[in-house]
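Comments concern the structure below.
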Amino acid sequence: MNKILLTGCAGSIGSTLAKKLVDKGFFVVGIDNLSTGSMSKLHNLIDSQFFQFVRGDCNDVSFIEKIFSLHKFTYVFHFAAVVGVQRTQSNPLLVLDDIKGVRNILESCISHKVQKIFYASSSEVYGEPVEIPLFEDTSPLNSKVPYAVVKNVGESFVRSYNKKYDLDFTILRFFNTYGPNQSTDFVVPLFLDCALKGNDISIYGDGSQYRTFCYIDDTVDTIFATLVDEQYSKNNTINIGSDVVHSILDLANKIINISKSKSSIKFIDPLPEGDMARRLPDIKKMRTLLLRDLIPLEEGISKLIDFKNAS
């Protein structure tokens, strides 16, 4: 049985991916420092004989080396990071520390002969786009805020270790992913939480900034496909998101309508930085791997409401 190390396992994407991997027959060692993740997201895994949780920080080199020494990992998914727009804007030095974790993981991958690393990057590496849509291999990377810069540096580390040590990789550039395990640090669950409580939904600026929204099942199924289809994903960078755009104002109105909320929309001052005007990935690579249609935003919102009603 192949063993997988999954860092950031108590996050929204990490926890969902961990469950998918275990269900598909992998043994997963998940680590998380729980600074932004939550054990509640692992409730359906914690008693599994094929999952082991260890609390710790990827930036601690002795901790990482100990984990690698105790296990023989075939694959590593490095998803641990400080996340959330407000959190990363308020804690730039904490964000920059994540570079240590990237290097610690890569060094241990080499010394313990890991077959492949999957690195969680972000659409933020594109910064304010100079072209639309955004292509993995040709669009300029215009990142400026600390979170985006760290992700960009992380990608460079991964490629450099591939060149020097032949460590295979897949870089996963996530655009907006939403799902039941996501915290209200992110826009879809935040808006939905406000709508279900009847509170005002606050929008930075005029709401004309547009995004794409990818339901967690589409994201995780694509990640798993990069593990299965090794040749296509080998040493490749893949945008993971939707290619259907919605303005932030449109998102708020959809959530209000679908949830039958009486919430009002409140416009507030724009963020000083980090709130890009537009985001639209080219997802031809993702579609090649997923081999099915993506879940529409309206259906995804309904799924979230059903999940909350059942909780």
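Values quoted throughout were computed directly from the atomic coordinates according to the rules given, and no laboratory measurement underlies them. In this text the structure is predicted, and so the values were computed from the model without any measurement. FYI the Cβ positions are ideal-geometry reconstructions off the backbone, even for glycines, and counts take in every protein chain you see.
Looking only at region 200-311, where both bridge partners belong to it, what percent of the DSSP beta bridges are antiparallel (to the nearest 5)?
40
Indicate, rounded to the nearest 5 percent, the antiparallel portion of the DSSP beta bridges found entirely in the chain.
5
Would you tally the net charge around SER263, using a Cβ to Cβ cut-off of less than 13 Å, leaving SER263 out, and scoring K and R as +1, D and E as -1?
With Lys, Arg at +1 and Asp, Glu at -1, the net is +3.
Do the alpha carbons of any pairs in LYS72/LYS163; LYS100/LYS151; LYS19/LYS234; LYS197/LYS266; LYS72/LYS100; LYS66/LYS151 sit beyond 18 Å of each other, and which pairs? Correct reply: LYS72/LYS163; LYS19/LYS234; LYS72/LYS100; LYS66/LYS151.
Residues considered: GLU136, GLU107, GLU124. Largest GNM mean-square fluctuation over the chain, using C-alpha springs under 10 Å, is found at GLU107. Over all other residues within a Cβ to Cβ distance under 9 Å of LYS72, the charged ones net out to +2, with Lys and Arg as +1 and Asp and Glu as -1.
Each residue of region 168-175 was assigned a 3J(HN,Hα) from its phi angle through the Karplus curve 6.51 cos²θ - 1.76 cosθ + 1.60 (θ = phi - 60°); the sequence is 5, 8, 9, 9, 10, 9, 7, 8 Hz, with glycine and proline shown as x.
Report the percentage of all Cα-Cα pairs in region 1-139 whose separation exceeds 17 Å, rounded to a whole percent. It would help to have the intermediate numbers written out before the result.
On the way: 5828 of 9591 pairs.
Here the tail beyond 17 Å accounts for 61 percent of pairs.
Close amide H pairs (under 5 Å, H built 1.01 Å from N) link TYR204 with ILE268, residues at least 5 positions away or on another chain. Report the Stokes-Einstein translational diffusion coefficient (µm² s⁻¹, integer) for the chain, Rh taken as the Kirkwood radius over Cα pairs, at 25 °C with viscosity 0.890 mPa s. It diffuses with D of about 124 µm²/s by this estimate.
Note on region 177-270: the alpha carbon radius of gyration divided by the globular reference 2.2 N^0.38 Å gives 1.30.
Derived scalar couplings between HN and Hα for region 7-14 equal 8, x, 6, 9, x, 5, 6, x Hz in order, rounded to whole Hz, by the Karplus curve 6.51 cos²θ - 1.76 cosθ + 1.60 (θ = phi - 60°), x for Gly and Pro.
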